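Everything on this sheet refers to the single structure shown next.
The values are calculated or read from the model by the stated rules, or taken from the named source; none is laboratory data. Because the structure is predicted, anything quoted here is derived from the model rather than measured. Positions of Cβ are generated from backbone atoms using ideal geometry, with glycine treated the same way; all protein chains shown enter the neighbour counts. What goes into the accessible areas is simple: the full protein's heavy atoms, side chains included, and nothing from ligands, DNA or RNA. Shrake-Rupley method; radii C 1.70, N 1.55, O 1.52, S 1.80 Å.
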Amino acid sequence: MDLYEYQGKELFKRHGIPVSDGRLATSPEEARAAAEELGGPVVVKAQVLTGGRGKAGGVKLAETPEDAEARAREILGLDIRGHVVRRLWIEKASDIAREYYLSVTFDRGEKKPLFMFTTEGGVDIEEVAATKPEALVRLHVDPLEGFQPWQARRLVYGGGVEDAGEQKQIAAIVGKLYEAFVETDAMLCEINPLIVTPEGEVRALDSKFTVDDNALYRHEDVAEMRDPESYPPEERAAREKGVTYVKLDGEVGILGNGAGLVMSTLDVIALAGGQPANFCDLGGGGDAEGVVDALEVITADPQVKSIFFNIFGGITRCDEVARGILAALDRMTIEHPIVVRLDGTNAEEGRRLLQEAAPPNLHVEPTMLDAARRAVELAR
Ligand code: GDP
Ligand code: MN
């Protein structure tokens, strides 16, 4: 789960990383009030779950509260690479002498957290890595040994920070960032830019914070930060119903039981000349409840033109799944053509049940490839 800048900064603050004072605003009037409260010049910042807001016109300086209201009016509703701005972070403006970059993330290859630091901050880190790789200091932390203070010093000296005051502050921030990373089960904590003010004070001016979804159960405070509105409706529905759902980009909605079968179904759709719009994994289940939930999620995706049910009856018997499908279609109306392939335990019984009772938009095909072809055809 990705956090908004202001949420990441809240976590930074809790872990003792210095950030600027700020307020959340969702309207121009609130932005004005926030600027009045903060006093002096402020920065009006779009809160969206994507980077590069500055370049897209989502970060603007405002000298007065009236100015803040006007900038807020411009930024609210702005579309920043597919993300519409509905929240603003109004922050006390900082004077910037230098912009650095600091992050900690997972290096899956090394199976260790990886720190990256450079004094060439403020720009895309990919750009620094490509054009000035010698300026980027990389350092792994052994998760069993834990973070050692010398590692912070190596990052800071390696990056060429010369001022003793800066060295000390950055080293302290490195340690706290590691604590924040570990304690929240984060996947990424990034500060870009980490600024030095003309007075020599070091502060996090931006935050990018990603927390492992699978660990949210033990971080209620972080889980509460989730903004349901930032997800498409079908992803919201899937989360609420506990359905395993993945959005893709084609036109055939896929429902299968078991991860392996679902993966092969994606391949077969491609082989038949189509593209999957999404997929749901029913897992071991196939009862009406599970089928209704999955169908509701799949059909909420406007890209879906046809639905492919691919079921292999192992422990779950095909006749049970067929009854589940029929019961589900009794409870809800589906306009889309549905193609069903049933194979495995009690497949014949399952197919017979469907053929006897299914609505006209449901088609039963004997093999996976036939069914895929039919589903692709019906999606055209
Ligand atoms: P991003 O574009 O999404 O990464 O948003 P940032 O929060 O990093 O802001 C982009 C840029 O705006 C920063 O690199 C700064 O140069 C500038 N900026 C943001 N806040 C301030 C501020 O308080 N004072 C000044 N002078 N510049 C700021
Ligand atoms: Mn940034």
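Observations
- Accessible surface of the stretch 237-296, 1.4 Å probe, proportion on carbon and sulfur as whole %: 53 percent
- The amide H of ALA277, built 1.01 Å from its N in the peptide plane, has GLY250, GLU251, VAL252, GLY253, ILE254 as neighbours under 5 Å, considering only residues 5 or more places off or on other chains.
- Only Lys, Arg, Asp and Glu carry charge here, each on its Cβ (+1 for the first two, -1 for the last two); on that basis the stretch 1-155 has a dipole of about 420 debye about its Cα centre.
- Relative contact order for the stretch 268-319: 33 percent, from Cα pairs under 8 Å spaced at least 6 residues apart, divided by residue count.
- The stretch 42-115: C-alpha gyration tensor shape, a/c 1.5 cut-off, then a/b vs b/c: oblate
- Each of ALA223, TYR101, LEU139 was scored by the projection of its Cα onto the charge dipole of the chain, and the greatest displacement toward the positive side belongs to LEU139; charges sit on the C-beta of Lys, Arg, Asp and Glu.
- 5 angstrom amide H check on GLY283, placed H, neighbours 5+ away: GLY258
- C-alpha center-to-center spacing [the stretch 215-289, the stretch 127-172] in angstrom: 40 Å
- Taking the accessible area of the stretch 38-98, probe 1.4 Å, and keeping the other protein chains in place, the carbon and sulfur fraction comes to 52%.
- Three-way shape call for the stretch 17-77 based on the alpha-carbon gyration tensor, with the a/c threshold at 1.5: oblate
- Residues in the chain average 47 Å² of solvent-accessible surface per residue, probe 1.4 Å, ligands and nucleic acids excluded.
- Sequence-separation-based contact order of the chain, relative, with Cα cut under 8 Å and 6+ spacing, percent: 12 percent
- Calculated P(r) tail over 24 Å for the stretch 245-348, as whole % of Cα pairs: 14 percent
- Our note on the geometry: Cα centres of the stretch 2-32 and the stretch 55-110, 11 Å apart.
- For THR299, net neighbour charge (Lys/Arg +1, Asp/Glu -1) across residues whose Cβ lies under 9 Å away: -4
- Farthest toward the positive end of the dipole of the chain, out of ILE195, GLN151, THR64, is the Cα of GLN151, where the dipole comes from beta carbon charges about the Cα centre.
- Net dipole in debye of the stretch 200-346 [+1 Lys, Arg Cβ; -1 Asp, Glu Cβ; about Cα centre; nearest 20]: 360 debye
- Here is how the number arises for the chain: DSSP H runs of 4 or more residues each give -39500 (n - 2.57), the sum is divided by the residue count, and the result at 222 nm is -11500 deg cm²/dmol.
- Solvent-free Debye scattering, log10 I(q)/I(0), computed from the Cα coordinates of the chain at q = 0.09, 0.11, 0.14 Å⁻¹: -0.68, -0.87, -1.07
- Shape category assigned to the stretch 89-130 from the gyration tensor of Cα positions, a/c cut at 1.5: prolate
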